[in-house]
Amino acid sequence: MPSQKTLIITLPPEIVGGVAIKAKILADHLRRRGQSVTIAHYTAMGSDATLNVPLTRLITGQRPTIREHVAFGDHRCIAIGCRLPELEASYTADSPLWRDLIAQNDRHIAVGGTVLAAAPYAAAGVPHLIWCASDVDGDRTDRHNAMAPLRRIYDSTVVLPLLHRLEKQVLLKNGHIMGVSPYTLGRLSRINPNLGERLHHVPVPIDKALFSPHLPPTTQGRIGFVGRLGDPRKNIGLLLDAFVKIRARLPAASLILVGDDGDTCQSEIDRRNLAGAVELAGRLEPSDLVAFYRSLDVFVIPSLQEGLAIVGLEAMGCGVPVVSTRCGGPESFISDGENGFLTAFSSDQLADAVSRIIEDRQLRDRMGKAARKTIESTYGIGEFALKLDAVWRNIWNEPV
């Protein structure tokens, strides 16, 4: 009997972060279950000039095209071009390219930061599954506010209205939505209060064997962060402000920032006279990332908004307490005072919470053990598989 063909529509693989992690986790899991998986993604403006047809080339009669390649590990991928990529909503707008690809597959899934990746399925009217983290505004507001003035005007008057309309259209269709946190479900319910039984809470699992504690003691006062340093949502300025106050209280404390765009932060580090106390480690491979987490005393999430924050789960899997702002997703896995602390968007509160953990070794030990216990009980691949299977049966009346 031929294997079932499953299509996953997601973001381009060069966009590093939680969406790419989710897409690979899901594709790997379905392939282990015997399915034939294809991953499709739109082509971002400027990333592949041969696939998209921008306004400057529209009058030539050129048509969007596709390109096959391998990404997300070793999965077969198809990059899909579009007309007028400047509009962004056009990335996943209905087109013959999307329709043909959808028709070639039996089961249909979208994985994104928002529900927009599912727009081709909504237009085609096929039953589908969406795994997402936020609504459009939650995902975009901080990036919008950081745009240059003219770009922000264009975003407000052209791009955002189109994205909002597309989001509403997707939510009106027959897709079932797996939100990574209660925060996600709440944001989407405010847009469409009638989603009801089509909403499911399915957090991102982590590899509990890989992200695990080690026996040697951590380095006291070593504070860590992982994420896109140039993303305004990550709110690195707040972390640096808090670290200035932590250093005044604990002069031996150190801060290590892992992620791309470190050059963006260097001037902010220098402006706060933190050169030598803050290390920019760049991007780390998974094996190096585990060693990094294990070396930490405290992990910090200073974000303005997070659908979940997978890096927080990874750190907790390694037995590290997490201090986070109340930015959405982390509130679903951090029990304030038990396995970490939740704070307001305040450098004073952030600094105090981190300093308390560093100074009180019994508190740090207790929180680290509680953090690991949280991961063991809720965030493994086994727990994920059970939840996915339940949603899958709801849509297609069959096991995964």
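Computed quantities for the displayed model
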{"item": "Residues that are at pLDDT 95 or above and not in a loop (DSSP other than H, G, I, E, B), drawn from the range 179-197", "result": "179, 182, 183, 184, 185, 186, 187, 188, 189, 190, 191"}
{"item": "Filter pass, residue 333 being surrounded by 15 or more Cβ atoms within 10 Å (Cβ to Cβ) and either out of contact with any Lys or Arg (no Cβ under 6 Å at 6 or more places or on another chain) or at pLDDT 95 or above (or both)", "result": "yes"}
{"item": "Any hit, the range 68-81, residues being more than 25 Å from residue 392 (Cα to Cα), in contact with a helix residue (DSSP H, G or I) (Cβ under 9 Å, 6 or more places away or on another chain) and at pLDDT below 95", "result": "no"}
{"item": "Members of the range 349-368 found to be among the polar types (S, T, N, Q) and surrounded by fewer than 19 Cβ atoms within 10 Å (Cβ to Cβ), listed by number", "result": "349, 362"}
{"item": "Matching residues in the range 294-313 - criterion: being within 22 Å of residue 362 (Cα to Cα) and either out of contact with any Pro (no Cβ under 9 Å at 6 or more places or on another chain) or part of a loop (DSSP other than H, G, I, E, B) (or both)", "result": "295, 296, 297, 300"}
{"item": "Criterion violated by residue 131 - all others in (1) assigned to a strand (DSSP E or B); (2) at pLDDT below 95 satisfied", "result": "(2)"}
{"item": "Lone unmet requirement of (1) surrounded by 16 or more Cβ atoms within 10 Å (Cβ to Cβ); (2) farther than 25 Å from residue 307 by Cα for residue 32", "result": "(1)"}
{"item": "Restricting the range 1-11 to residues that are at pLDDT 95 or above and either over 15 Å from residue 121 (Cβ atoms) or out of contact with any helix residue (DSSP H, G or I) (no Cβ under 7 Å at 6 or more places or on another chain) (or both), the residue that is surrounded by the fewest Cβ atoms within 10 Å (Cβ to Cβ)", "result": "5"}
{"item": "Selection count, the range 373-391, where residues are in a helix (DSSP H, G or I) and either under 19 Å from residue 319 (Cα atoms) or touching a Cys at 6+ places or on another chain (Cβ under 8 Å) (or both)", "result": "7"}
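The values are calculated or read from the model by the stated rules, or taken from the named source; none is laboratory data. Bear in mind the structure is a predicted one, so any value in this text is a computation, not a measurement. Virtual Cβ from ideal backbone geometry, glycine too; neighbours counted across all protein chains shown.
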